Amino acid sequence: MAAALKRAYLSVYNWAVFFGWAQVLYYAVTALLGAGHEGVYAAVERPLQLAQTAAVLEILHGLVGLVRSPVSATLPQIGSRLFVTWGILWSFPEVRTHILIIRYSFFGTKELFGSAPSWLLWLRYSSFLVMYPTGISSEVGLIYIALQFIKASEKYCLRMPNKWNFSFDYLYASILALVIYVPGSPHMYTYMLGQRKKALSKLKTM
């Protein structure tokens, strides 16, 4: 009973997020063809925020043992995307004009039917070869562009003196996030290469 409920929940979750990202893709392409790249963010903002924020549940799934993905791998991926979604794009509109579907369709199919077709398995563990470098470069670029606006606005900064006797500079925090990308990106890419090798080796034996 518990196993069936787990599969049902994960199936619903993954398909819901899949359709969320499919909506983002549809709106993005429609806006790109109509208004050009400057109109893309406005068209996808709400579904993008919902779909990306829903990914927080993936961290919880790992913590409670619903999935086998280690939190050490999930947390930096989700954390960086949430930072860009809310901490950069939502917080600093000036960067919006500079502007993951396969994953969720794979897991949704796997949980619903007990397995996924081999072509979807291959796509799930191969598309990152291009998507990871593209996505990471985009995230780093957006954060870098936002630095000047973060510095000028001083948004989310806490200056001394204050009743907490504590200061916080969002500019330095954003720069630190950029620095973390240096060791973090190769680590995550290497991890995914290992996952790909493991998954595709099973495919060959099927």
Report summary line: Scanning the stretch 1-47 for residues that are under 28 Å from Leu66 (Cα atoms) and either β-branched (Val, Ile, Thr) or not in a helix (DSSP H, G or I) (or both) gives Met1, Val12, Val17, Val24
Query raised in the report: Is it fair to say Arg46 is over 25 Å from Thr190 (Cβ atoms) and open to solvent by 30 Å² or more (accessible area, probe 1.4 Å)?
Result: yes
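Residue-wise test of (1) modelled with pLDDT of 95 or more; (2) within 27 Å of Glu94 (Cα to Cα); (3) in a helix (DSSP H, G or I).
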| site | (1), (2), (3) |
| --- | --- |
| Thr109 | no, no, yes |
| Ser115 | no, no, no |
| Met131 | no, yes, yes |
| Gly135 | no, yes, yes |
| Ala146 | yes, yes, yes |
| Ala152 | yes, yes, yes |
| Trp164 | no, no, no |
| Leu171 | yes, yes, yes |
| Tyr191 | no, no, yes |
Query raised in the report: Looking at (1) under 19 Å from Arg81 (Cβ atoms); (2) surrounded by fewer than 17 Cβ atoms within 10 Å (Cβ to Cβ); (3) among the basic types (Lys, Arg), can you tell me which one Lys155 breaks?
Result: (1)
Query raised in the report: Looking at this structure, is Tyr27 farther than 24 Å from Glu139 by Cβ and either at pLDDT below 90 or surrounded by 13 or more Cβ atoms within 10 Å (Cβ to Cβ) (or both)?
Result: no
Query raised in the report: Limited to the stretch 164-178, what total is found for residues that are closer than 20 Å to Gln77 by Cβ and open to solvent by less than 80 Å² (accessible area, probe 1.4 Å)?
Result: 4
Requested in this report: Would you check which residues across the stretch 32-43 are at pLDDT below 90, hydrophobic (A, V, I, L, M, F, W, C) and surrounded by 14 or more Cβ atoms within 10 Å (Cβ to Cβ) and list them?
Outcome: Leu32, Val40
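The values are calculated or read from the model by the stated rules, or taken from the named source; none is laboratory data. Just so we're clear, the structure is a prediction, and the values are computed from it rather than from any experiment. FYI the Cβ positions are ideal-geometry reconstructions off the backbone, even for glycines, and counts take in every protein chain you see. Only protein heavy atoms, including side chains, enter the accessible area calculation; ligands, DNA and RNA are left aside. Shrake-Rupley method; radii C 1.70, N 1.55, O 1.52, S 1.80 Å.
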